[in-house]
Amino acid sequence: MKVGIIGSGMVGATSAYAIMMRKAASDIVLIDANEKRAIAEAQDIMHAVPFVSATDIFAGTYEDIKDAKIVVIASGANQKPGETRLMLMEKNAAIMRDIISNVVKYNPNPIFLIATNPVDIITQICVSIASEFGISSTRIIGSGTTLDTARFRSLLGNYIGVDPQNVHAYVIGEHGDSEVLTWSNIDIGGVTLEDFIAYRRIAFDESIKQKIEDGVRNAAYKIIEGKGSTYYGIAGAIAKLVEVINRDNRAVLTVSTINDDVEGIKNVALSLPHLIGGEGDLGVLPIQLNVKEKLLLKKSAEIIRSKIDEYENKKS
């Protein structure tokens, strides 16, 4: 149950801490171009181990992940002033190629968890790179809208007074502005949202719905404005994915993967509910959407596909 984490910045280090706290792995290896940073983060987390459970956490090299089942990619370049989105994509694509090629030298078939943004595009790029090394797309999983789904369940649960773990609601599509909140198929412990709020006599109108939707969609912007970046939420999502895979829990999570066809848009990485287990992505699950949600999902897929086309056209 060894996990390798490439990138020891806030997302990578916090993910390592969350994995340790969740007891989701026996060994965690931090790898970073800044070796001092990786060593410092590993030591800091290691000092918390006596308060939780035995976990070996250390800074290492690619050779140290030769027996890791999962490799988390939390590394990538930030956009610099004057740098276009396309330039950033090209830079991150080169980083992903370097990471994957170094991993497969020692570990030919791990499950890759992608946390680098823009996660849908990076996931699609990683699938293409990994295929050159014979790695199936089912072993390349982007964190996608797992965090957005958690935000949705948290805000809705808080409003209606229910533990978010008993709120079943999904955010699908792009991990970004075009994401789709699937209001039409929410249930609270098996009871539809409409029946639940009627039975509990909870005031719920379009203004409440819009407030929750804004809270989900704009959460990252508000957090970044306040403290510069987000990392606790995504670290929780990564830790959950690591636990599900290592223990073959077969959980339903809204991860980003390659889809052959999404509302007529071909070959695009975005999030839908997937069954995740010990071998990675075990397949997409059907989700009932209303007409409006289908149109919004198609628009989301078109946005991602257009960005991928822009990158591929420039590359060719």
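The values are calculated or read from the model by the stated rules, or taken from the named source; none is laboratory data. Keep in mind that what you see is a predicted model, and the values were worked out from it rather than measured. With ideal geometry, Cβ positions are generated from the backbone for all residues, glycine too; neighbour counts draw on all protein chains shown.
On the basis of being touching a residue at least 24 places away in the same chain (Cβ under 8 Å) and among the charged types (D, E, K, R), does Asp98 make the cut?
No, not satisfied.
From (1) out of contact with any Phe, Trp or Tyr (no Cβ under 8 Å at 6 or more places or on another chain); (2) crowded, with 17+ Cβ neighbours inside 10 Å; (3) outside any loop (DSSP other than H, G, I, E, B), pick out the condition that doesn't hold for Asn117.
Status for Asn117: all satisfied but (3).
Give me the residue from the range 284-316 that is touching a residue at least 40 places away in the same chain (Cβ under 8 Å) and among the hydroxyl-bearing types (Ser, Thr, Tyr) and, out of that set, nearest to Asp260 (Cα to Cα).
Ser300
Looking at (1) within 30 Å of Val167 (Cα to Cα); (2) in contact with an Asp or Glu (Cβ under 9 Å, 6 or more places away or on another chain), which is the one condition that is false for Lys105?
Unmet for Lys105, out of (1) within 30 Å of Val167 (Cα to Cα); (2) in contact with an Asp or Glu (Cβ under 9 Å, 6 or more places away or on another chain): (1).
Filter the range 55-68 for residues that are out of contact with any Gly (no Cβ under 9 Å at 6 or more places or on another chain), acidic (Asp, Glu) and surrounded by 14 or more Cβ atoms within 10 Å (Cβ to Cβ) and give the result.
Asp56
What do you reckon, is Phe133 in contact (Cβ under 8 Å) with a residue 12 or more places away in the chain, in the same structural domain as Lys69 (by TED's automatic domain parsing) and among the aromatic types (Phe, Trp, Tyr)?
yes
Could you tell me which of the residues Ile160, Ile111 is under 22 Å from Ala38 (Cα atoms), of a type outside the set (Asp, Glu) and touching a helix residue (DSSP H, G or I) at 6+ places or on another chain (Cβ under 9 Å)?
Ile111
Condition (residue is in contact with a Leu (Cβ under 6 Å, 6 or more places away or on another chain), at positive phi and modelled with pLDDT of 95 or more) applied to the range 229-247: is it met by at least one residue?
No, the range 229-247 contains no residue that is in contact with a Leu (Cβ under 6 Å, 6 or more places away or on another chain), at positive phi and modelled with pLDDT of 95 or more.
I'd like the full set of residues that are more than 17 Å from Ala13 (Cα to Cα) and either crowded, with 22+ Cβ neighbours inside 10 Å or at pLDDT 85 or above (or both), limited to the range 69-88.
Lys69
Residues being among the acidic types (Asp, Glu) and modelled with pLDDT under 95: count how many of those fall in the range 262-316.
3
Going by the structure shown, is Tyr106 in contact with a Pro (Cβ under 7 Å, 6 or more places away or on another chain) and aromatic (Phe, Trp, Tyr)?
So Tyr106 does not fit the description; no.
If you take the residues of the range 51-68 that are farther than 25 Å from Gly142 by Cβ and part of a helix (DSSP H, G or I), which of them is modelled with the highest pLDDT?
Glu63
If I filter the range 46-54 for residues that are surrounded by 20 or more Cβ atoms within 10 Å (Cβ to Cβ), farther than 20 Å from Gly134 by Cα and among the hydroxyl-bearing types (Ser, Thr, Tyr), do I get at least one hit?
The answer is no, given that none of the residues of the range 46-54 is surrounded by 20 or more Cβ atoms within 10 Å (Cβ to Cβ), farther than 20 Å from Gly134 by Cα and among the hydroxyl-bearing types (Ser, Thr, Tyr).
Restricting the range 184-198 to residues that are in a helix (DSSP H, G or I) and without any contact (Cβ under 8 Å) to a residue 40 or more places away in the chain, which is farthest from Asp120 (Cα to Cα)?
Ala198
Scan the range 213-234 and report the pairs whose first residue is closer than 15 Å to Leu155 by Cβ and whose second residue is modelled with pLDDT under 95, with Cβ atoms within less than 6 Å and a gap of 6+ or a chain change.
The qualifying pairs are Ala220/Thr230; Ile223/Thr230.
Could you grab me the full set of residues in the range 235-270 that are in contact (Cβ under 8 Å) with a residue 40 or more places away in the chain and touching a Lys or Arg at 6+ places or on another chain (Cβ under 6 Å)?
Selection gives Ala239, Glu243, Ile265, Val268.
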